[in-house]
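Data block below; observations after.
The values are calculated or read from the model by the stated rules, or taken from the named source; none is laboratory data. Quantities reported herein were computed from a predicted structural model and do not represent experimental measurements. Every residue, glycine as well, gets a Cβ built from its backbone with ideal geometry; the counts of neighbours run over all protein chains shown. Side chains included, ligands, DNA and RNA excluded: accessible areas come from the protein's heavy atoms. Shrake-Rupley method; radii C 1.70, N 1.55, O 1.52, S 1.80 Å.
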Amino acid sequence: MEKVTVNQLVKNAENYADQNVTLSGWIRNNRDQKVFGFIALNDGTHFNTVQIVYEKEFLNNFEVVAGLGVGSAVTVKGRLVLTPESRQPFEIKAGEVMLEGASPEDYPIQPKRHSREFLREVAHLRPRTNLFTAVFRVRSLLAFAIHQFFQEKGFVCLHAPIITANDAEGAGELFRVTNLDLNNLPLTEDAKVDYSTDFFGKKTNLTVSGQLEAEAFALAFKDVYTFGPTFRAENSNTPRHAAEFWMIEPEIAFADLNDNMNLAEEMIKYLINYLLEKAEPEMTFFSQFVDKGLQEKLQNIVNAEFARISYTEAVEYLKKANQKFEYPVDWGKDLQTEHERYLTEKVFHKPVFVSDYPGGIKAFYMRLNDDQKTVAAMDLLVPGVGEIIGGSQREEREDILKKRMTEFNIEPEELRWYLDLRRYGGVKHAGFGLGFERAIMYFTGVSNIRDVIPFPRTVNNCEF
RNA sequence: UCCUCAGUAGCUCAACGGCAGAGCGACCGGCUGUUAACCGGUAGGUUGCAGGUUCGAAUCCUGCCUGGGGAGCCA
C-alpha cells in the first residue's frame, strides 16, 4: 500500500480514486457519532486537511479512535473515495487507524478561534494552526524565491559576518559579543573594561547590517546580495520591530540610485508573483480571513508602476495636504510615520519610493548629490506596513566620504578597509536592505512581526 | 523609553461597590454523513501581584508585573 502525503492527494486525487493509501498526520478535529466518525487530518505537507471517515463496522479499535483528542498523531490506511458532491473533493474510508502519539485533553490548541496573543505563548504548538501553517510555509517559499530571483539574475550570494567589530555604522544599539567573565571583568589602568583580553582582542558585537561587507563583494562580483540574520538591541516596542530579524541586502556596482529602485521594484513584483502562484491556498486563506481582498491588492501592485517622488516633492505633497498632522512638516526634518502613511495610503494607494533626502538625516555612506544638500537615498513605503526597504547610492569619492565620516563623528581609520574600496578601483554602486519579516507582513496581511517569526526575540522576550 | 487601553474558568469575554456568570473547549451520555456538527448533562475560580479605602472590593486608590495599540528608533 502506497504511503502518500496530503499534498500528493490534493493535487492528484483522481489518480488515487478507489485506491488504498496510507498517510500519517495530526488530528485537527475529531467528530464521532454512534457507529462512525470523522477526523480532519493534517500532515503538514499541504494547507488543507483530509477527511478520514471511520466506521465501527470496519475498525477493531473504534472506541479508541473515537476518543482521540485534537493534536493526536495517527497513521491511517484506507481507500480514497471521490466525493464531488460534498464540501471536500475526496475523503479516506479508513480500514485501519493506528495511534502514533496521543494528545491528552489539556492540549492548548482547540478547534476554535484563538487570539494571536495566546498563540504567541504556545509558539511551539502554533505552527499546527491554520494561520501559522500558512505564514510559515509562505516564509519558507519567500526565502527560496529571494534566492531564485537573484540567482536567475546572476547575483552572487555572500554570507556577511554575524560577529563584527564595526562600531561605526550608527544603525542602532548593538548586542555585545564577549566571553569575558562578567562577574570579574579585567580592567585597564584607567578602570575601563580591558577588551584586549577578550576573545577577539577587541570590542565586538552582533551585526546590524551586512552592507559594508556586501560593498566589498560588489566591487569584485559586480552584483551580490546577502540574506541573513541581523540584530538590534533597540528598546523598540512596536508590531514592526524585533531584536533578531532577517535582511536581504543586494549591492550592485556600476549602478546608480535609479538602477537601485528598478531592482527593488522588480524584486517586489517577482516575489508577489511567486507567492500568488506557489502559495495559492495560503494566499486565499489570508485574503479571506486576515486581510480581505489581499490577493487582488497584490495583483494590482504587480500591475502598477511604483510611484517615485523626491523628498522635496514629498514635503510639498504633505504641506498642501488638507489633513492635520501631529508633527509639522518642514524641509530638513525626517518624515514621520504619519507622513509616510499619508503618502502611500492616501496619495498614491500603492508602493512609493521617496528619494534624495537631506544629508543631515541619513547615513554617512550615502552619496552626496550635486546640490550639496541632499543624498542619493531611497525608502520604499508600502500601505499598511510602512518602510520595507531602505537604500542608497553609496559615496564612491574618497575625499567626500571622509568628510562625511568626520561630520558623523566616525574616525576614518576605523573603517580603513571601507575607504580602500574607494581607493582601488572604486566605482559608483548602490544597494538596499529589505526587511524579510516586513515583506512577509506586507504579502500576508499579518500585522505583527511576532507572528511571522517562528520564535520571535523582542525586548524582554526570549522564550523557546 | 514615552502615551494609552487591558489583565476574571483551558480560550474569548460579561458582571463596574452588595451571592463570580455566559459562549466555546474539556469530560459523561445521545445521535446512521458530520465538516469550527448538533442535542442533554457534569466539572472547572486565590478575579495578574502587593498594599490601601470601605460594614463590604473583580469593581475605587497607590505601586509593581504582563500583554495589546500608538509614538520614537528602523528593516
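General remarks:
- Among A:73, A:123, A:233 - extreme Cα towards positive end, dipole of chain A, charges at beta-carbon: A:73
- Vicinal HN-Hα couplings computed from phi for the range A:141-147 (Karplus, 6.51 cos²θ - 1.76 cosθ + 1.60; Hz; Gly/Pro x): 4, 5, 4, 5, 4, 5, 4
- Rounded FRET efficiency, nearest 0.05, which uses the C-beta distance separating residue A:7 from residue A:303 and R0 of 22 Å: 0.15
- Amide H contacts of residue A:233 (H built 1.01 Å from N, under 5 Å, at least 5 apart or other chain): A:173, A:174, A:175
- For the range A:407-456, chymotrypsin sites (Phe, Trp or Tyr not before Pro) are listed when DSSP marks them as loop and at most 10 other Cβ atoms sit within 10 Å of their Cβ; the list is A:424.
- The H on the amide N of residue A:90, modeled in the peptide plane, is under 5 Å from the matching H of A:83, each at least 5 residues off or on a different chain.
- Total charge dipole magnitude, chain A, about the Cα centre, Cβ charges on Lys, Arg, Asp, Glu only, Debye to nearest 20: 1000 debye
- Amide proton proximity set for residue A:458, modelled H, under 5 Å, gap of 5+: A:243
- Secondary-structure-derived ellipticity at 222 nm for chain A, considering helices only, amounts to -8000 deg cm²/dmol, per-run term -39500 (n - 2.57) for DSSP H runs with n ≥ 4.
- Surface composition of the range A:219-286: carbon plus sulfur atoms contribute 50% of the solvent-accessible area (1.4 Å probe, protein chains only, all chains present).
- Considering only chain A, percent of DSSP beta bridges that pair antiparallel, nearest 5: 85 percent
- Percent accessible area from carbon and sulfur atoms, the range A:2-101, protein chains only, probe 1.4 Å: 48 percent
- Residue list for the range A:68-84, given a label point 7 angstrom along the Cα-to-Cβ vector of residue A:14 and an amide N cut-off under 20 Å: A:80-84
- Relative contact order for the range A:2-101, counting Cα pairs under 8 Å that sit 6 or more residues apart, in percent: 29 percent
- Mean accessible surface per residue for the range A:2-101, computed with a 1.4 Å probe while every protein chain stays in place, in Å²: 51 Å²
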